[in-house]
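Participant: Got a structure for you, written out below as structure tokens; questions coming shortly.
The values are calculated or read from the model by the stated rules, or taken from the named source; none is laboratory data. Note that this is a predicted model, so its numbers are computed, not measured. Here Cβ is always computed from backbone atoms with ideal geometry, including for glycine, and neighbour counts include all displayed protein chains.
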Amino acid sequence: MRDLTGRRRARRLGMGAVVVLALAGMNGPWLYRFGTERYHRYAIDRPEYKAANGRWEIVEFPEEYRQDTIHAALLRTGKVLLVAGSGNKQENFDAKRFDTRLWDPVRGTVEKIPTPKDLFCTGHTQLADGRLLIAGGTKRYEKLKGDVTKAGGLMIVHNENPDRPVTLPAGTRFTGRGNGRTFVSKDPVLVPRAKKVFDRAGRFLRNDPGLGRIYVEAQRSGTRYGTGTQDNYRVRGLTGAEARNTYGIAQKLALDKKDFQGIRDAFEFDPVAERYIKVDPMNEARWYPTLTTLADGKVLSVSGLDDIGQLVPGKNEVFDPATGKWAYTPKVRQFPTYPALFLMQNGKVFYSGSNAGYGPDDVGRKPGVWDVGTNEFTELPGLSDPGRLETSGTVLLPPAQDERFLVIGGGGVGESALASRKTRLIDLKARDPRFVDGPSLAKGTRYPQVSVLPDDTVLVSGGSEDYRGRGDSDILQARIYHPDSGRFTRVADPLVGRNYHSGSVLLPDGRVMFFGSDPLYGDRANTRPGKFEQRIEIYTPPYLYRGSRPSLGAGPERIARGGSGTFVSAHASSIRKVRLIRPSAATHVTDVDQRSIALGFSVSGDRVTVRVPGNRNLVQAGWYMLFVDDDQGTPSKARWVRVP
């Protein structure tokens, strides 16, 4: 009977094949695609496939709640803050349409949050009390050379009066003593008083003028109102000694490209009140700064473009959440925009070389270890493809105690088509740390999205082979990196291409959400403008298709560094790993907040006692997701735990 059934099935399949071939002769390409797509959907939905490769699904918000998400952060409430600001759209900026959404991935709800400033190109990091610090953003959009109609640029205002500062309002006019041309300031400027300089014997030598920086523009459009050389400018409206003591000096003021300009504003987002709260502004305006939380809970802010569109000249600063004040670091240290900076277990800061790219290609780009207090910087050797680190990703591999980092892909400076297939590893606990190559990527990859998973692996997905996906170069592939073996495993392919302005965030249930993508073009021939990707995509890793999951029941919400906490668990005997994972605050590929910390633990009956390391550089104060992993490698859903 079994044999006969097999022969009948074979005949039916054979007859079906004849029909398929006959139809294919009439409409072969369409039928092939239809059949291939149906089979592909069938294949990826099979339980055994999902258990080995995971699964992707798309989440589309109702149209009125969609936005061009640039930044995303997981809050301690389990909701995800999605920040667009003006979303890299000049028309939104001009109309002051600044957007933020708050998404609840459990309930599936999304709501609009009033956004006080253009937080496009801001920096952000998690604070100890669960709030999110957000600093910087956009004051003015860039203008390409052909779009600039009024000559303009940087004016350095000098104040030689040692007795008092000078404030010049927006609209102040500066007229060149040599060229006779007049330029108008776009914003007010405070110029500090001059500093008296004395020799060692206490004799007065000179006054070093106070300096203020301001962006100025010609009063009229056209090349003839620009300048080609440096000139000294008198300030209109000033008389007497004030006119002699206050003047401007500017280099070329022309119709050259004008870069983005940053803002000084800073806010905290309260996850309970679900609103932005204004705090003191930074000392420096910054467009795309990096914010890194230090061991004492203070936040380091570095780099970015300033309020006249120039790279902030190494003037880094620290925010103290206790006082709400900003203070400069003792000495200057220059970085390109959005450098990947990670707090190390010795209190120093590791710079991997990953960056977003604005700034000179030969300044501040070498990787190394930075002592913020002394400004000592130790370069680290061995990094391959050093000229292709823009838009690369860097991740602190789990567990964080090992202090091993992986640098992934990257591209050439600016709008270069170059992309790197390299991954590079460095062990900062080695006697002489140096980079070595890890496994190669299948393709040169800019903008890889990277997330630490609760089973001690790392998900690497997406990106593009060319600048902003140019030439239809998005990479629809995903891989899981295994730190224990140093290998990649190919998993299910994402459904949505993602390049510039994209990122990923680990959710408390063990899934990963992906957001954004801002392609330059919308077709392979680069003839149509690109369209911002507004869909959210969720990846469910293989470990969530392996059956039941371990769980934690009643237990403490707070565990001190160096302390322990006991939880009830019906799965206590199967638990093999315990991890604290710091929630993400993701933008521009590298997420300096995420880290997975291994906890010691012991089991007694249905009780699991976990122990938190005492190193405050390793375990910063804040809210964490607590995961346990069973003997099948399946993690639990997270419990939120606060380390005070």
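Participant: Of the residues LYS366, LYS298, which is among the basic types (Lys, Arg) and closer than 19 Å to ALA266 by Cβ? Please lay out each step first, then the result.
Facilitator: Details: LYS366 fails: closer than 19 Å to ALA266 by Cβ.
Testing whether each residue is among the basic types (Lys, Arg) and closer than 19 Å to ALA266 by Cβ leaves just LYS298.
Participant: Output the residue which, of all residues in segment 392-433 that are within 17 Å of TYR351 (Cα to Cα) and polar (S, T, N, Q), is surrounded by the most Cβ atoms within 10 Å (Cβ to Cβ).
Facilitator: Checked segment 392-433; the qualifying residue surrounded by the most Cβ atoms within 10 Å (Cβ to Cβ) is SER392.
Every residue, every condition in (1) assigned by TED's automatic domain parsing to the domain that holds SER420; (2) in a loop (DSSP other than H, G, I, E, B); (3) out of contact with any Phe, Trp or Tyr (no Cβ under 9 Å at 6 or more places or on another chain); (4) among the basic types (Lys, Arg), yes or no:
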{"site": "GLY471", "(1), (2), (3), (4)": "yes, yes, no, no"}
{"site": "SER485", "(1), (2), (3), (4)": "yes, yes, yes, no"}
{"site": "THR489", "(1), (2), (3), (4)": "yes, no, no, no"}
{"site": "ASP509", "(1), (2), (3), (4)": "yes, yes, yes, no"}
{"site": "PHE532", "(1), (2), (3), (4)": "yes, yes, yes, no"}
{"site": "ALA554", "(1), (2), (3), (4)": "no, yes, no, no"}
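Participant: Which of the strands (runs of 3 or more DSSP E) contained wholly in segment 258-354 include at least 3 residues that are under 21 Å from LEU428 (Cβ atoms) and out of contact with any His (no Cβ under 6 Å at 6 or more places or on another chain)?
Facilitator: By residue number, 290-293, 341-343, 349-351.
Participant: List every residue pair whose Cβ atoms sit under 7 Å apart, with the two residues 6 or more apart in sequence or on different chains, where the first one lies in segment 81-105 and is under 29 Å from ALA638 (Cβ atoms) and the second, anywhere, is basic (Lys, Arg) and surrounded by fewer than 17 Cβ atoms within 10 Å (Cβ to Cβ).
Facilitator: If the second residue must be basic (Lys, Arg) and surrounded by fewer than 17 Cβ atoms within 10 Å (Cβ to Cβ), the pairs left are ARG101/LYS112.
Participant: Only residues that are charged (D, E, K, R), assigned to a helix (DSSP H, G or I) and modelled with pLDDT of 70 or more: list them for segment 25-63, please.
Facilitator: Let us first name the residues in segment 25-63 that are charged (D, E, K, R), namely 33, 37-38, 41, 45-46, 48, 50, 55, 57, 60, 63.
Now narrow it down to the ones that are assigned to a helix (DSSP H, G or I): 33, 37-38, 41, 48, 50, 63.
Once the filter is applied, which keeps residues that are charged (D, E, K, R), assigned to a helix (DSSP H, G or I) and modelled with pLDDT of 70 or more, segment 25-63 yields GLU37, ARG38, ARG41, GLU48, LYS50, GLU63.
Participant: Considering only segment 570-593, how many residues are more than 35 Å from the chain's Cα centre (by Cα) and either surrounded by fewer than 19 Cβ atoms within 10 Å (Cβ to Cβ) or in a loop (DSSP other than H, G, I, E, B) (or both)?
Facilitator: 4
Participant: Residues GLU274, GLU242, GLU217: which one is closer than 30 Å to GLY622 by Cβ and acidic (Asp, Glu)?
Facilitator: GLU274
Participant: Suppose we keep only residues that are over 22 Å from ILE70 (Cβ atoms) and among the small types (Gly, Ala, Ser) within segment 479-500. Which one would you say is farthest from the chain's Cα centre (by Cα)?
Facilitator: SER485
Participant: Within segment 437-447, is even one residue hydrophobic (A, V, I, L, M, F, W, C) and part of a strand (DSSP E or B)?
Facilitator: Scanning segment 437-447, I find no residue that is hydrophobic (A, V, I, L, M, F, W, C) and part of a strand (DSSP E or B), so the answer is no.
Participant: Let me ask something additional. Could you give me the residue pairs with C-beta distances under 8 Å whose first residue belongs to segment 431-442 and is outside the structural domain of LEU389 (by TED's automatic domain parsing), whose second residue is in a loop (DSSP other than H, G, I, E, B) wherever it lies, and which are 6+ apart or on separate chains?
Facilitator: No pair meets every condition.
Participant: Which residues, taken from segment 108-164, are among the polar types (S, T, N, Q) and within 25 Å of the chain's Cα centre (by Cα)?
Facilitator: Result: THR109, THR115, THR122, THR125, GLN126, THR138.
Matching residues to (1) in the same structural domain as GLU268 (by TED's automatic domain parsing); (2) modelled with pLDDT of 95 or more:
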| site | (1), (2) |
| --- | --- |
| PRO114 | yes, yes |
| ASP118 | yes, yes |
| THR125 | yes, yes |
| ALA128 | yes, yes |
| GLY136 | yes, yes |
| THR149 | no, no |
| LEU154 | no, no |
| VAL157 | no, yes |
| GLU160 | no, yes |
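Participant: Hey, another quick one. List every residue pair whose Cβ atoms lie under 8 Å apart, where the two residues are 6 or more positions apart in sequence or sit on different chains, the first residue falls within segment 338-353 and is within 25 Å of ILE70 (Cβ to Cβ), and the second residue, located anywhere, is among the acidic types (Asp, Glu).
Facilitator: Hits for this filter: VAL349/ASP371.
Participant: Working only within segment 231-273, note down all residues that are under 36 Å from the mean Cα position of the chain (by Cα), in contact (Cβ under 8 Å) with a residue 60 or more places away in the chain and surrounded by fewer than 16 Cβ atoms within 10 Å (Cβ to Cβ).
Facilitator: Matches in segment 231-273: GLN251, LYS252, ASP256, LYS257, ASP270, VAL272.
Participant: How about segment 204-221: which of its residues are free of Cβ contacts under 8 Å to residues at least 24 places away in the same chain and not aromatic (Phe, Trp, Tyr)?
Facilitator: LEU205, ARG206, ASP208
Participant: Just one of (1) part of a loop (DSSP other than H, G, I, E, B); (2) among the polar types (S, T, N, Q); (3) touching a residue at least 60 places away in the same chain (Cβ under 8 Å) trips up ASN179, so point out which.
Facilitator: The number of the failed condition is (3).
Participant: Only one of LEU343, LEU383 is in the same structural domain as ARG446 (by TED's automatic domain parsing), at pLDDT 95 or above and farther than 19 Å from GLY409 by Cβ; which?
Facilitator: Of LEU343, LEU383, the one residue that is in the same structural domain as ARG446 (by TED's automatic domain parsing), at pLDDT 95 or above and farther than 19 Å from GLY409 by Cβ is LEU343.
Participant: Could you say which residue among ALA598, ALA638 is at pLDDT 95 or above, in contact with an Asp or Glu (Cβ under 9 Å, 6 or more places away or on another chain), surrounded by fewer than 18 Cβ atoms within 10 Å (Cβ to Cβ) and not assigned by TED's automatic domain parsing to the domain that holds LEU406?
Facilitator: None of the other options fit; the residue is ALA598.
Participant: Next question. Residue by residue through segment 103-159, note down the ones that are small (Gly, Ala, Ser) and touching a helix residue (DSSP H, G or I) at 6+ places or on another chain (Cβ under 7 Å).
Facilitator: ALA151, the sole residue that qualifies.
Participant: Does THR167 meet the test of being within 27 Å of VAL312 (Cβ to Cβ) and part of a strand (DSSP E or B)? Please lay out each step first, then the result.
Facilitator: Values: within 27 Å of VAL312 (Cβ to Cβ): yes; part of a strand (DSSP E or B): yes.
Yes: the conditions hold for THR167.
Participant: Shifting gears a bit: VAL395: in contact (Cβ under 8 Å) with a residue 24 or more places away in the chain and outside any loop (DSSP other than H, G, I, E, B), yes or no?
Facilitator: Yes, satisfied.
Participant: Give the number of residues within segment 594-634 that are at positive phi and either free of Cβ contacts under 8 Å to residues at least 60 places away in the same chain or outside any strand (DSSP E or B) (or both). So that I can check it myself, show each step before the final result.
Facilitator: Of the residues in segment 594-634, the ones at positive phi are 605, 622, 633.
Next cut, either free of Cβ contacts under 8 Å to residues at least 60 places away in the same chain or outside any strand (DSSP E or B) (or both) only: 605, 633.
Matching residues across segment 594-634 total 2.
Participant: From PRO583, PRO542, which residue is in contact with a helix residue (DSSP H, G or I) (Cβ under 9 Å, 6 or more places away or on another chain), modelled with pLDDT of 95 or more and under 30 Å from ASP68 (Cα atoms)?
Facilitator: Only one candidate passes the filter, namely PRO542.
Participant: Among (1) under 24 Å from ASN615 (Cα atoms); (2) within 19 Å of the chain's Cα centre (by Cα), which single condition is SER392 missing?
Facilitator: Condition not satisfied by SER392: (1).
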